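The values are calculated or read from the model by the stated rules, or taken from the named source; none is laboratory data. Quick caveat, the model's predicted, so the values are computed rather than measured. Cβ sites come from the backbone with ideal geometry, for glycine too, and all protein chains shown count toward neighbours. Calculation scope for accessible area: heavy atoms of the full protein, side chains included, ligands and nucleic acids excluded. Shrake-Rupley method; radii C 1.70, N 1.55, O 1.52, S 1.80 Å.
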Amino acid sequence: MIHVWAPIKLSSAKSFGLRHSISRLFSISYFGNTKSKMQGYMSPRETARLIADTCLDVKINMEGVKKVANIMYNCVKNKKYSLQSWCEHELNPKSMDKAAVEWVFVADTLNFSFWSADSEKCFVEYKGKQHSGYWSLAAALNRALDEGIPITDPSYYASISREDFLKVFRSDSEYDMPMLDERLEVLREAGKVLLQKYDGSFVNCIRHCEKSAQRLIKLVVNDFPSYRDMLEYNGKKVSFLKRVQILIADVWGCCEGQSYGEFSDIDTVTMFADYRIPQALVYFGALEYSDKLMDYMNRGEVMKTGDRYENEIRGCSIWVTELICEETKKMLAQDESLKSALMNSILIDHYLWDYRRELAEEEEMKKIPFHRIRCIYY
Ligand SMILES: Nc1nc2c(c(CN[C@H]3C=C[C@H](O)[C@@H]3O)cn2[C@@H]2O[C@H](COP(=O)(O)O)[C@@H](O)[C@H]2O)c(=O)[nH]1
C-alpha cells in the first residue's frame, strides 16, 4: 500500500497546524485499503479517559458535573429537551427522508472552524434573518437549494467549480466564511467518494452498516479522509472523531432515531469535541482551566493541531460529558416514571451547544474563552 501525499498549495501563509491537517487529508492509499484506518487507535472514549487521567491544565469538577446532570434530568422531567429537538431548529431539514440525510452529510462534511474576531463575522441572510457561525453554513445550504442549486447532490458538488462554490457560500457581510479553500477541497473529495463507492448517496453508506453507529464510524473514517480526526499524542494513537460522530448524531436526530437514523449502539457515540462545548462546561463549573491556560486563551493565541492544551481541552470535554451522562442516568433511574427515559452524550452535547449559543452575548459566557485553532476537523 503506497501513501501518496498530495498536499494542496495553500492560498496564503497558513499555520503548520493547517498544513499538517491538509497533508493528513490527502494521504491517499493507492492499493486499496484492506486495513481499517482506525486500527491501533484508541476510541474517543478511551482517548478521553487517558487524557483526563494525565492532563495538567484542565480539571474536572464533580460539583459541576452534578449541576449539569441535574439540568439534564429536569430537561427530561419537564420534556424541555429530547430527540425531537433537532428538527425544531428552523434551519434543520424536517422531511426525515433521503434528502434530509444528504443535507446532513454535506453540512457535517463542512462543519468546522467558523470562529472569527467578533468584528469580522461572516453572516448569511436567509428568510429575513442573519445567521453566523455554524448556522451560516446551514443557511447557505438552504439558500442554495431555494435558488435551485443542487448543493446536496454529490454528482453536482463532486466537481463543483470554485466560482459556483463561492456563490453558494457567499457571505452577506464583508467577511467570508473561514477556510473556504479547504471546504471546497473537502466537499469535492467527499462527493467523489460517494460517486465512486456508494452510488452517489450517503444513504448507501448507512445501508452498509446494519444499523451500527460504530460500523458507520469506521466506514466514514476509512473512505472519507477529511473525517480522520486522529493523531499521535504522547506516543499514543488517539482519536476524537468529532465530525463523524456529529454526522451520525445528526442523522439520528434528523430521522428521530427511525429509518436511516436507527442505530442500535447510538449510546456509544461520545460528545463532539469542538471549541464551543468546553465554554459551556467551564460556564457550569464542570471543567476548570489552570491560570496558565486561561491566560494563554485570553490572549487569543491560535493553537496548532496536536498542542497539549488542545488535546487536554478536547479529551476532558469528552470525558466530563460521559460523567455527566452517567450522573444523569443515575438520577433518572431513581425516578420510577423516568427510569427508561432516553439519555446519552449526544443529547447532553446538543443541549449544551444550543445553550451556549443562546447565551453567546451574555457577560458570564463571554468571559469564558474558546480555544482558537484552524483545522478541518472541528
Ligand atoms: N459539540 C458540538 N459542536 C457543534 C454542534 C454544531 C451544530 N449542531 C446543531 C445543529 C443541530 C443540532 O441541534 C445541534 O444543536 C456545530 N458544532 C461546532 O461548533 C462550532 C461552531 O460553533 P459557533 O461558532 O458557535 O457557530 C464548530 O466547531 C462546529 O463544528 C453541536 O451540536 N455540538
I need the shape label for the range 105-248. Rule: rounded when a/c is under 1.5, else prolate if a/b > b/c, else oblate, with a, b, c from the alpha carbon gyration tensor.
oblate
Starting from the Cα coordinates of the chain, work out the convex hull volume and express it per residue in Å³.
142 Å³
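As a quick test, which of the pairs 67/330; 66/329; 67/339; 94/329; 127/242 have an alpha carbon distance above 21 angstrom in this structure?
Details: 67/330 13 Å; 66/329 11 Å; 67/339 19 Å; 94/329 29 Å; 127/242 30 Å.
Where the Cα-Cα span goes over 21 Å, the pairs concerned are 94/329; 127/242.
If you add up the charges near residue 73, with Lys and Arg at +1 and Asp and Glu at -1, over every other residue whose beta carbon is less than 9 angstrom from its beta carbon, what do you get?
Working: positive: 77; negative: 327, 335.
Around residue 73, the surrounding residues sum to -1.
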So, relative contact order of the chain in percent, Cα under 8 Å, 6 or more apart, is 27 percent
Evaluate the distance, in nm, between pseudo-label points positioned 7 Å from the Cα of residue 155 and of residue 265 along their respective Cα→Cβ axes.
3.4 nm
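On a full-extension model of 0.36 nm per residue, what is the gain between residue 175 and residue 357, subtracting their alpha-carbon distance, rounded to one decimal in nm? Write down the numbers at each step before the final one.
Numbers: separation 182, 0.36 × 182 = 65.52 nm, distance 2.04 nm.
Working it through step by step, the gained length comes to 63.5 nm.
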Using a 1.4 angstrom probe on heavy atoms only, work out the carbon and sulfur share of the accessible area of the range 226-275 in %.
42 percent
Dipole-positive endmost among 324, 139, 161 within the chain (Cβ charges, Cα centre)
161
Excluding ligands and nucleic acids, what accessible area in Å² is computed for residue 208 using a 1.4 Å probe, to the nearest 10?
100 Å²
Summarise the accessible area of the range 48-190 (1.4 Å probe, protein heavy atoms) by the percent that is carbon and sulfur.
48 percent
Just the number please: accessible area per residue for the range 25-165, 1.4 Å probe, all protein chains included, in Å².
48 Å²
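Quick one: net charge around residue 133, please, counting Lys, Arg +1 and Asp, Glu -1 for every other residue with C-beta under 10 Å from its C-beta. Walk me through the numbers on the way to the answer.
Details: positive: 121, 276, 357; negative: none.
That works out to +3.
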Heavy atoms of residue 246: accessible area, 1.4 Å probe, square angstrom to 10
20 Å²
Counting Lys and Arg as +1 and Asp and Glu as -1 over every other residue whose Cβ sits under 12 Å from the Cβ of residue 319, the net charge comes to -1
Between residue 342 and residue 117, the two model label points (7 Å from Cα along the beta-carbon direction) sit apart by a distance in nm of 4.3 nm
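Checking the a/c ratio against 1.5 first, then a/b against b/c, what shape does the Cα gyration tensor give for the range 31-117?
On the way: a/c = 1.92, a/b = 1.02, b/c = 1.89.
It is oblate, given that a/c is not under 1.5 and a/b is not larger than b/c.
When the helices in the chain are scored as -39500 (n - 2.57) per DSSP H run of 4 or longer and the sum is shared across all residues, what 222 nm value do you end up with, to the nearest 500 deg cm²/dmol? Provide the component values of the computation, followed by the final result.
Working: 17 runs with 184 residues, N = 378.
My calculation for the chain gives -14500 deg cm²/dmol from helical runs alone.
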Row for the range 279-378, column shape: gyration tensor on C-alpha, a ≥ b ≥ c, rounded if a/c < 1.5 i.e. under 1.5, prolate if a/b over b/c, else oblate; value prolate
Simple spin-label estimate for residue 54/residue 164, 7 Å along Cα→Cβ, in nm, reads 4.7 nm
Given the Cα-Cα distance of residue 130 and residue 367 and 0.36 nm per residue of separation, how much length would full extension add, in nm?
82.9 nm
